[in-house]
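Reviewing the structure listed below.
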């Protein structure tokens, strides 16, 4: 039996095993990211709630409301509404390890922005990062 065939089989087998290990490591990292995001979510919502309260205090009346929706525990969401007819709203949904912010304004225009949860940004900073631009445009 030619030795080149056995050597080639060993090389290809090693490459296939390495690819499988890399795929498993990528999947495990994604699962860890989702688990971490779900554990951070309640603290991020608490920080958003404090920011809404601070905005209302500065406005000198309750003009923003915040409500959390946990109908889908794996995909929690929070909605922030401004008071008034056709008032803008912001819906922030946790989708795996990404926060998707959907903005709807009074002209029925909407846009979506994605925010990756980062380890170098704490929960208060994350909440501020997601809300500040929307609040500035109220």
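Here the condition is being surrounded by fewer than 12 Cβ atoms within 10 Å (Cβ to Cβ), outside any helix (DSSP H, G or I) and touching a strand residue (DSSP E or B) at 6+ places or on another chain (Cβ under 8 Å); of 114, 68, it holds for 114 alone. Listed by first and then second residue, the pairs with beta-carbon distance under 6 Å, at least 6 apart or on different chains, first residue in the range 1-14 and at positive phi and part of a helix (DSSP H, G or I), second modelled with pLDDT under 85 and surrounded by 10 or more Cβ atoms within 10 Å (Cβ to Cβ), form an empty list. Report yes if residue 45 is under 28 Å from residue 127 (Cβ atoms) and modelled with pLDDT of 80 or more, otherwise no. Spelling it out, residue 45 is indeed under 28 Å from residue 127 (Cβ atoms) and modelled with pLDDT of 80 or more. Consider residue 120 carefully, then state whether it is at pLDDT 90 or above, part of a helix (DSSP H, G or I) and out of contact with any strand residue (DSSP E or B) (no Cβ under 9 Å at 6 or more places or on another chain). Considered against the rule, which asks whether it is at pLDDT 90 or above, part of a helix (DSSP H, G or I) and out of contact with any strand residue (DSSP E or B) (no Cβ under 9 Å at 6 or more places or on another chain), residue 120 comes out as no. Would you check if residue 62 is exposed (fewer than 15 other Cβ atoms within 10 Å of the Cβ), part of a loop (DSSP other than H, G, I, E, B) and modelled with pLDDT of 90 or more? Yes. When residues in the range 82-99 are screened for being assigned to a strand (DSSP E or B) and either surrounded by fewer than 17 Cβ atoms within 10 Å (Cβ to Cβ) or in contact (Cβ under 8 Å) with a residue 24 or more places away in the chain (or both), 7 of them pass.
The values are calculated or read from the model by the stated rules, or taken from the named source; none is laboratory data. This is a predicted model, so every value here is computed, not measured. Using ideal geometry, Cβ is built from the backbone for each residue, glycine included, and neighbour counts are taken over all protein chains shown.
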